[in-house]
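Chemist: Sharing a structure below in structure tokens format, with a few things to ask.
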Amino acid sequence: MSDTPDIPDDASISEKTERLEEIIAQLEDGEVSLERANELHTEGTHLLEELREDLDIGDGEITENR
């Protein structure tokens, strides 16, 4: 992506969520070119997929890690 560094693969859920919020804000602003909007959309879609995988907890039970 051109203006922003890619989020590292080992980024935390919080970092991915922050980046996704930045992408949404840029798209809602409407001041990006069509090409840049497409790039942001692609990046956002990728982040959403990663977040879904990160948050997938299988059977729906929440457990405490110690």
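The values are calculated or read from the model by the stated rules, or taken from the named source; none is laboratory data. Since the structure is predicted, the reported quantities are computational estimates derived from the model, not experimental observations. Don't worry about glycine lacking a Cβ; one is built from the backbone with ideal geometry, like all the others, and counts go over all protein chains shown. For the accessible areas, the whole protein counts, side chains as well, though only heavy atoms, and no ligand, DNA or RNA atoms are used. Shrake-Rupley method; radii C 1.70, N 1.55, O 1.52, S 1.80 Å.
Chemist: Could you tell me what a quarter of the Cα convex hull surface of the range 10-55 works out to, in nm² with one decimal place?
Modeler: 3.0 nm²
Chemist: Find out how many positive minus negative residues lie around SER12, taking Lys and Arg as positive, Asp and Glu as negative, among other residues whose Cβ is under 10 Å from that of SER12.
Modeler: -3
Chemist: Additional query: Pop out the ³J(HN,Hα) list for the range 33-38 in order, Karplus 6.51 cos²θ - 1.76 cosθ + 1.60 with θ = phi - 60°, rounded to Hz; leave Gly and Pro as x.
Modeler: Coupling constants for the range 33-38: 5, 4, 4, 5, 4, 5 Hz.
Chemist: Could you report the range 10-55's accessible area per residue, 1.4 Å probe, as an integer in Å²?
Modeler: 69 Å²
Chemist: Shifting gears a bit: Testing the spin-label approximation: label points 7 Å from Cα along Cα→Cβ at ASP10 and GLU22. State their distance in nm.
Modeler: Placing both labels 7 Å beyond Cα along the Cβ direction yields 2.0 nm.
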